[in-house]
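Everything below concerns the one structure shown next.
The values are calculated or read from the model by the stated rules, or taken from the named source; none is laboratory data. Worth saying up front: this structure is predicted, and the values here are computed from it rather than measured. Note that each Cβ is placed from the backbone with ideal geometry, even for glycine, and that neighbours are counted across all protein chains shown. The accessibility values were calculated without ligands, DNA or RNA, using every heavy atom of the protein model including side chains. Shrake-Rupley method; radii C 1.70, N 1.55, O 1.52, S 1.80 Å.
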Amino acid sequence: MDDHRRPADFAEVTPSLEELTRNLSEQIDEVQGAELIVGIPCYDSQATVANVVRAVETGLRRHYADVASAIVILDSGSSDATVAIGMGASTSVDQDLLLIPSGAPLPKRVATTLEGIRGKGNALRPLFTIGRAVGARALACVDSDLRSITPVWVEQLLGPVLEHDADHVLPMYLRHKHDATITNSVAYPMTAALYGTEVRQPIGGDFGFSGRMATMWAEQDDLWTTEVARFGIDIWMTTSAIAGGYRVAQTLLGSKLHAPKDPGEHLGPMFHQVVGTMFALAGRFHGVWSAVERIAPAPVFGFPFATGTDPLAVNVAGLIGKFRDGVVAFAPDLEDALEAATLARVREVANGSPDPERFAFPLELWIDVVQDLLVVANLPGADPDRLIDAMIPLYFARTASFVREAGGDDQAAAEHRIGTYPAAFLARKDRLRSRWADVIGS
């Protein structure tokens, strides 16, 4: 099924909670009694899924041998052997080498197949539904393409739920300073400034959560025909937990090693889905964020340790070229969406030097761009997709500017630099409130 189909096209194929629960009756019966459940969303992951399943199973058997548990393979319609490999991967042969206690039972294991559109959200939806149906105490999800997962991740994701009453546990990774640019430039600082809780990886992908959190998510029938059903799920989970007053925590997981990509070459639909969901949630939770005046960090569990990160090259000249071309191509959209002073500054940068060593798209300008687009995206009749199309070239400009600004930074210095962004977004929040009032009203 095409990832670019609009919600109106796929609403009819998205089951209600009642229908989905009925469709999952066999899996629900199979894992009945499980207090801990770990889901692994998959799509054509045959090269990596076995390692992830074995790590999860080892973690459950090693750390929670006396608690009934289950693993759910959440497939999005793989065309390869992902499901067969995931269901067949085992720790039973070499459990002594894996330091699994003698007599530790094997977790139950089931697989689900996609219902509705392809995307991580619809892959995770059965996990929430199963957890709700069996009354699980704690759940987690981990990506199937991970190369850095270890068994201790299971305890680090589930432990804060079981031992500290956390409802939503977010990962804290070490990542290359040029990786995760959507997180660093939009999701992380904007989430903190809007909702007042600082979480470093709001779209990290690997989460722990309580049974009551899973139940709340499962019962949101109206969301599964939106961008949430694709890649907006991570930011929706995080935002709904924070805005809903649930207990949020973070856990240290070391490096996340997967397949880092040049942001100018591999942006794909993820930017649309993450940013579009953020903008929509800002409209939904306006009453929450408009009252937030300060930021507090979510508590952090785990032991800090330094590990390596994958190298990542960025074509800065290419990013600048796409920015300059985009300002021309989307001129009417930018004129309609951006405040006049913001638009003038954007054009000034676009008409300036294209030399990567001199190029600068200041953070303050980027914040104003994000704010203007967020507001206009919430106007009745707005076309968020078109607005985000127009935003992407400016995102490329900010990314190119960050690469130059952080050129001499080691990983720690770059992380410190990024860590100042939430306060910078918060400092301009009165401007956002004013823009909202002027354009949308109270």
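The lone criterion from (1) under 23 Å from residue 200 (Cα atoms); (2) open to solvent by 10 Å² or more (accessible area, probe 1.4 Å); (3) free of Cβ contacts under 8 Å to residues at least 40 places away in the same chain; (4) under 27 Å from the mean Cα position of the chain (by Cα) left unmet by residue 426 is number (3). With respect to being polar (S, T, N, Q) and touching a residue at least 12 places away in the same chain (Cβ under 8 Å), residue 399 fits the description.
Rundown of residues vs (1) farther than 13 Å from residue 398 by Cα; (2) modelled with pLDDT under 95, yes/no style:
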residue: 325; (1), (2): yes, no
residue: 332; (1), (2): yes, no
residue: 339; (1), (2): yes, no
residue: 346; (1), (2): no, no
residue: 353; (1), (2): yes, yes
residue: 364; (1), (2): no, no
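Taking first residues from the stretch 270-293 that are over 20 Å from residue 380 (Cβ atoms) and touching a residue at least 12 places away in the same chain (Cβ under 8 Å) and partners that are aromatic (Phe, Trp, Tyr) and in a helix (DSSP H, G or I), the Cβ contacts under 9 Å between residues at least 6 apart in sequence or on separate chains come to 271/395; 288/195; 292/195. Listed by position, the strands (runs of 3 or more DSSP E) contained in the stretch 84-195 that have at least 2 residues being in contact (Cβ under 8 Å) with a residue 60 or more places away in the chain and closer than 19 Å to residue 228 by Cβ are 138-141, 168-174. The condition (being open to solvent by 10 Å² or more (accessible area, probe 1.4 Å), farther than 17 Å from residue 52 by Cβ and polar (S, T, N, Q)) is satisfied by just one residue among 113, 129, 150: 113. Taking the criterion of being open to solvent by 20 Å² or more (accessible area, probe 1.4 Å) and either closer than 19 Å to residue 289 by Cβ or not polar (S, T, N, Q) (or both), the residues of the stretch 201-219 that qualify are 212, 216, 219. For residue 409, the stated conditions do not hold, so it cannot be described as among the acidic types (Asp, Glu) and closer than 20 Å to residue 194 by Cα. Against the numbered list (1) within 26 Å of residue 283 (Cβ to Cβ); (2) without any contact (Cβ under 8 Å) to a residue 12 or more places away in the chain; (3) touching a Phe, Trp or Tyr at 6+ places or on another chain (Cβ under 7 Å), residue 353 comes up short only at (1). Looking only at the stretch 60-110, residues that are over 24 Å from residue 44 (Cβ atoms) and either open to solvent by 50 Å² or more (accessible area, probe 1.4 Å) or of a type in the set (A, V, I, L, M) (or both) come to 21 in all.
Taking only the stretch 204-241 into account, find how many residues are over 14 Å from the mean Cα position of the chain (by Cα) and among the β-branched types (Val, Ile, Thr). Number of matching residues: 3.
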